[in-house]
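The values are calculated or read from the model by the stated rules, or taken from the named source; none is laboratory data. Please read all numbers here as calculations on a predicted model, not as lab measurements. Using ideal geometry, Cβ is built from the backbone for each residue, glycine included, and neighbour counts are taken over all protein chains shown.
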């Protein structure tokens with residue numbers, strides 16, 4: 001038999017090719033004619049909706065995912081752009097993520113470096129924390145629902161069809177999901193919360209580190225019994241270069257008692273960053289990864305008001321530089337098209353060769369290049385007092401960032417200007 005011919009379009013979206021299908025739906029790569037971009041469109045099979053036994057369940061799951069259109073604005077969650085549901089049809093328009101799923105990195109023959117696994121887990125933990133803040137529990141975190149784009153660490157959590165929205169419903173659908181990644185309470189069909197997702201992320205991390213599932217059996221019932229009754233060997237049992245710190249993190253994430261697990265994605269992510277900084281069992285790369293950068297910015301008071309999606313924008317547009325002692329970054333009288341945030345070290349600010357102030361970690365300089373509407377000559381010179389690390393952000397790059405991100409910078413810079421004016425007034429009155 002020949003393969004069914006793909007439709008020319010799904011709803012208003014012209015089809016490029018079929019990407020795949022599952023038990024209840026098929027997915028197409030389509031062109032979004034309104035925004036000139038590629039999208040993935042999931043179309044549910046009409047027969048799934050008409051199923052006399054599980055049709056209502058399939059409709060509910062499909063509707064749950066469709067209802068999240070436009071709500072999950074996070075760089076590590078696959079966005080849902082549009083959706084439509086009829087009596088015996090339905091479609092969801094999603095972000096197209098071209099790399100594939102993390103399943104390909106779950107076998108012993110294709111494991112990622114340990115440091116990359118930690119960075120992936122960090123991004124997923126932060127994404128789950130974001131979903132938790134919106135009242136969402138995913139309930140089906142697994143490698144097949146983690147997509148990657150240009151590189152394996154550029155990940156997106158997808159498929160919120162099983163998500164529990166505590167603000168929209170009080171009952172839970174039970175008896176569905178992927179058993180190997182389910183928490184003990186999910187298997188027992190008890191009430192669950194966001195900590196079930198953290199357990200599942202621990203299982204994913206175990207598999208990405210070792211190439212093995214923590215619990216294996218000849219059938220589903222054997223796996224379920226082990227999940228509820230047994231403790232798995234640590235990932236380092238299967239891969240020697242996995243450090244004890246990561247064994248400890250996975251063990252805590254997979255505690256059978258939810259009260260003994262990480263209580264939030266933020267707490268999980270914090271320990272992952274600490275493990276990264278210790279060195280995840282391999283020679284430390286001199287170049288900071290995105291997780292390191294995010295954590296460094298998150299610790300600065302200047303970025304305290306930035307929510308995760310905005311802070312990830314800063315990570316992407318910022319150029320991180322190691323600056324040797326004595327190096328000049330800004331020269332008085334020259335035009336400027338960037339500003340900087342100090343990550344480590346110290347900067348000397350001078351005017352007419354006289355010291356004005358010293359700036360330390362978390363402080364900014366050169367921001368008038370962004371605040372000025374007509375271009376601005378530097379009013380002072382800035383040089384490294386000692387070896388330092390900075391983030392350089394181009395004015396043009398920030399202007400292409402989201403309005404929310406720019407607004408947080410505007411507010412932060414306004415606070416800096418107010419502080420400087422108050423300091424100047426204090427000096428004048430005291431003099």
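The number of residues in segment 97-129 being in contact with a strand residue (DSSP E or B) (Cβ under 6 Å, 6 or more places away or on another chain) and more than 26 Å from residue 194 (Cα to Cα) comes to 1. Counting the residues of segment 84-95 that are buried (at least 19 other Cβ atoms within 10 Å of the Cβ) and modelled with pLDDT of 90 or more gives 4. Looking across segment 288-299, the residues that are surrounded by fewer than 18 Cβ atoms within 10 Å (Cβ to Cβ) and more than 15 Å from the chain's Cα centre (by Cα) come down to 288, 299.
Annotation note: of 348, 252, 277, the sole residue that is assigned to a helix (DSSP H, G or I), surrounded by fewer than 21 Cβ atoms within 10 Å (Cβ to Cβ) and at pLDDT 95 or above is 252.
Looking only at segment 38-79, which residues are under 26 Å from the mean Cα position of the chain (by Cα), surrounded by fewer than 18 Cβ atoms within 10 Å (Cβ to Cβ) and without any contact (Cβ under 8 Å) to a residue 40 or more places away in the chain? The answer is 63, 69, 70. Is one or more of the residues making up segment 385-396 modelled with pLDDT under 95, over 33 Å from the mean Cα position of the chain (by Cα) and over 20 Å from residue 315 (Cβ atoms)? Among the residues of segment 385-396, not one is modelled with pLDDT under 95, over 33 Å from the mean Cα position of the chain (by Cα) and over 20 Å from residue 315 (Cβ atoms), which makes the answer no.
Among the residues of segment 388-414, those identified as surrounded by 17 or more Cβ atoms within 10 Å (Cβ to Cβ), under 13 Å from residue 368 (Cα atoms) and in contact with a strand residue (DSSP E or B) (Cβ under 8 Å, 6 or more places away or on another chain) are 393, 395, 412, 413.
Mind counting the residues in segment 205-226 that are in contact with a helix residue (DSSP H, G or I) (Cβ under 6 Å, 6 or more places away or on another chain), part of a helix (DSSP H, G or I) and crowded, with 17+ Cβ neighbours inside 10 Å?
Qualifying residue count, segment 205-226: 7.
I'd like the full set of residues that are without any contact (Cβ under 8 Å) to a residue 60 or more places away in the chain and within 17 Å of residue 298 (Cα to Cα), limited to segment 358-406. Across segment 358-406, the qualifying residues are 360, 406. Being surrounded by fewer than 22 Cβ atoms within 10 Å (Cβ to Cβ), more than 20 Å from the chain's Cα centre (by Cα) and assigned by TED's automatic domain parsing to the domain that holds residue 180 is a description that does not apply to residue 263.
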